[in-house]
Amino acid sequence: GRSVSLITYYSTIVFFCVCLLSVVQLQKPEDISQHLSGEIHAVHDVVAVAANKEPTTRTHRTLDNYLPEEGLEMVASRKTDAATVREHLEHYYGNNSSAVPGIVYFITPTFQRHTQMVDLVRLSYTLDHDRAIYWIVVEDAEHCSKRVRDLLDRTGLPYAHLHKLSPPVTENDRTKGVNQRNIGLDVVQQVGIPGVVYFGDDDNAYDVRLFSELRKTKYVGVFGVAFAGGGMYERCIVDSKTGKIAKFVTHFLAGEGNPEVRKFQIDMGGMAFHTSAITNATRFSTSWQAGYLETKFVELVVESKEELEPLMDNCTKIYVWHIKTKKPWLFGKTGKMDALDSEASKIVPSI
């Protein structure tokens, strides 16, 4: 009996020694240093972005090495012509012109980033609820990417897929979206079908009832946007007697006596324009100060707030929300997880 106990005792010791050696082998110094190296590279890149130390020349608005190469291949620009748009509308609504909703030109600037595709996919599902939409997607890049083109093809909507690289990012980043929206306005004029123009960013959320409201725009329509202007919402107040806009509700560049107050305190997602209001001179400018793009653009079309048309039940309903998709936490570009991410991107290039 004593011999059996000794054998059991020494066997247990040997077992634990083997386990300990296995753990040590898994935690070799070079493996740990490789992992830490990846973490250090990741932190370095994040700090560089936070300090606005982007290169003066770039192909898009984020670091190239943070994106999978698959799906970013160059494709030619493409634009649905007016005749094809009319065929599309007849297919869904018949030949009765009175039954066809007015076309909504939905202009979306976009740039390559980790959350670009999830934002565009989510937006595409919203737009899919209304077939009388012409989606104009303009990438901030030197060329159109295949992954965005594949998504547009899947929607079945008339679309324009174009690109225009922004100037280098400035301290105020006032050039963001300017060139892309102007390209979109060029498309609106080239297509030439009467309708309504709306600037719909890819990182917003939209109620499908928005589209029927947009079509009520006769010249310039305005409405509220949630989580904008530094508050729960940014909207207008309507005079119950006149039905005209009396004032705006916002925390951003507003207030009586403020020399920097915006004349039209409207969010980009809270305004719409009938195509009759769009001329060759109706374009954004990179010289406009950040935060003033909306008011400067509206000033090109109307002179006073009384000319604006309150939509969404006199600006009392919210159909647009500013949301920001959280950037995923990823390992550094030399860490072990990158190999897995790389393999995943080959299987799912639309990430």
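Bear in mind that the values in this text are calculations on the coordinates, not laboratory data. Every value quoted in this text rests on a predicted model; they were computed, and no experiment measured them. Positions of Cβ are backbone-derived with ideal geometry, glycine not excepted, and every protein chain shown enters the neighbour counts.
The table below gives the values:
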quantity: For residue 220, distant residues with modelled amide H under 5 Å away; calculated: 274, 309
quantity: √(5λ) per eigenvalue of the Cα gyration tensor, region 203-290, largest first, Å; calculated: 21, 19, 16
quantity: Reduced Cα scattering model of region 126-242, Debye log10 I(q)/I(0), q = 0.10, 0.11, 0.14, 0.15 Å⁻¹; calculated: -0.39, -0.47, -0.76, -0.86
quantity: Filter on 79/327; 247/296; 176/324; 247/317; 296/317 - keep pairs with C-alpha separation over 20 Å; calculated: 79/327; 296/317
quantity: Volume per residue of the C-alpha convex hull in region 83-130, rounded to whole Å³; calculated: 89 Å³
quantity: Net dipole in debye of region 186-304 [+1 Lys, Arg Cβ; -1 Asp, Glu Cβ; about Cα centre; nearest 20]; calculated: 480 debye
quantity: Along each principal axis, Cα extent of region 133-200, largest first, Å; calculated: 38, 28, 18
quantity: More than 17 Å apart - percent of Cα-Cα pairs taken over region 90-164; calculated: 45 percent
quantity: Estimated vicinal HN-Hα couplings, Hz - region 110-115 in sequence order (Karplus 6.51, -1.76, 1.60; Gly, Pro = x); calculated: 8, 9, 6, 6, 4, 9
quantity: Neighbour cut-off at most 14 other Cβ (10 Å), DSSP loop, GluC sites (Glu not before Pro), region 133-226; calculated: 142, 171
quantity: Stokes-Einstein D for region 188-242, Kirkwood Rh over Cα pairs, 4 °C, 1.567 mPa s (µm²/s); calculated: 95 µm²/s
